[in-house]
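Step one of this worksheet: look at the structure below.
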Amino acid sequence: MKRMTNTASHSLALLKIFLASLVFLALVFVAIVAFPEPAFQYRRVYQHYQIWSDRPIPRQVEQVLDDVTRRRRTSVLYDPHTPVKIFFCNAPWRMWLYGMHFSTRFGGVADVWLTRHIVIRESDIAANRIVPPGSAPLADARQRPLSYFIAHEITHADESRRFGRTMLLRYPDWLLEGYADYVGKGGDFDIDANRRLFLAGAPALDRRKSGLYRGYHLKVAYLLDKKGWTLEQLFDHPPEEKELDAWLRAW
Ligand SMILES: [Zn+2]
């Protein structure tokens, strides 16, 4: 009996060490992603944008950021006085770590929970384009230059400021991503042509088939630009996606 008690207490001690190690590693991870600056050698400041990179930052970044601002001005959440921190992760391991998805297969990400930092994948800043993951060319490349990706991600940070850090738990994906794309595209979106594609069941309008947010963008653009809803109304009472699809078909 005594022996069993000793074994149980030993197992409990091991479990405590294991859990304490997990907590410690989680804290280290949070500290690393919350303070990424020391891991990025190059820095530039332009207006309210602070840019870090693991490669030299060409001066053309200013034109890219001017275009980001042009896109963001389509948003009621745009505030030119709020600092924005953008981290270019050209090395895959940086994207894997600082992107917080443990993957390198995406264009950019915004930390809406804690820092509101923007992380962007390997990019050719002078050409205003991201280097897409994999060998396939970037889909919708003309509508999605680097400035689109940056404006899209900053809009997520703006959504988090306005609607709360827990927004991912409280609002549907079509709304959060649709609005980020609505702003990111900066008005370069033909709502009638995209609705026709939606009615025809085109894969480009289906997020699961294409990986694109065009279908979500269509829903948000329809409510804001055709039905005249405000962004506040949209976030106060987001319709069910099925209901919204029915409206789009009947429109
Ligand atoms: Zn997004």
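The values are calculated or read from the model by the stated rules, or taken from the named source; none is laboratory data. If you're wondering where the values come from, they're calculated on a predicted model, not measured in any experiment. Because the Cβ atoms are built from the backbone with ideal geometry, glycine has one as well, and the counts that use them run over all protein chains shown.
So here's what we get for this one:
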item: Criterion violated by Pro239 - all others in (1) assigned to a helix (DSSP H, G or I); (2) within 21 Å of Tyr171 (Cβ to Cβ); (3) over 19 Å from the mean Cα position of the chain (by Cα) satisfied; result: (1)
item: Criterion (away from the ligand (no atom under 16 Å from the Cβ), within 30 Å of Ala221 (Cβ to Cβ), out of contact with any strand residue (DSSP E or B) (no Cβ under 6 Å at 6 or more places or on another chain) and at pLDDT 95 or above) met by exactly one of Val76, Val112; result: Val76
item: Count - residues of the stretch 92-115 that are exposed (fewer than 14 other Cβ atoms within 10 Å of the Cβ) and small (Gly, Ala, Ser); result: 1
item: Lone unmet requirement of (1) in contact with a Gly (Cβ under 8 Å, 6 or more places away or on another chain); (2) among the charged types (D, E, K, R); (3) under 16 Å from Val112 (Cα atoms) for Asp158; result: (1)
item: The stretch 176-231, subset under 17 Å from the mean Cα position of the chain (by Cα) and of a type in the set (Asp, Glu), residue surrounded by the most Cβ atoms within 10 Å (Cβ to Cβ); result: Asp181
item: Flag if Arg121 is in contact with a helix residue (DSSP H, G or I) (Cβ under 9 Å, 6 or more places away or on another chain), within 16 Å of the ligand (Cβ to nearest atom) and either under 17 Å from Gly211 (Cβ atoms) or modelled with pLDDT of 95 or more (or both); result: yes
item: The stretch 186-207, subset in a helix (DSSP H, G or I) and under 22 Å from Gly107 (Cα atoms), residue nearest to the ligand (Cβ to nearest atom); result: Arg207
item: Hey, Phe106 outside any loop (DSSP other than H, G, I, E, B), of a type in the set (Phe, Trp, Tyr) and within 16 Å of the ligand (Cβ to nearest atom) or not; result: no
item: Count of residues meeting criterion [in a loop (DSSP other than H, G, I, E, B) and within 15 Å of the ligand (Cβ to nearest atom)] in the stretch 140-185; result: 6
item: Sole exception among (1) within 30 Å of Val61 (Cα to Cα); (2) out of contact with any Gly (no Cβ under 9 Å at 6 or more places or on another chain); (3) hydroxyl-bearing (Ser, Thr, Tyr) for Thr166, by number; result: (1)
item: Qualifying residue in the stretch 215-225 (condition: assigned by TED's automatic domain parsing to the domain that holds Thr155, outside any helix (DSSP H, G or I) and modelled with pLDDT of 95 or more); result: no
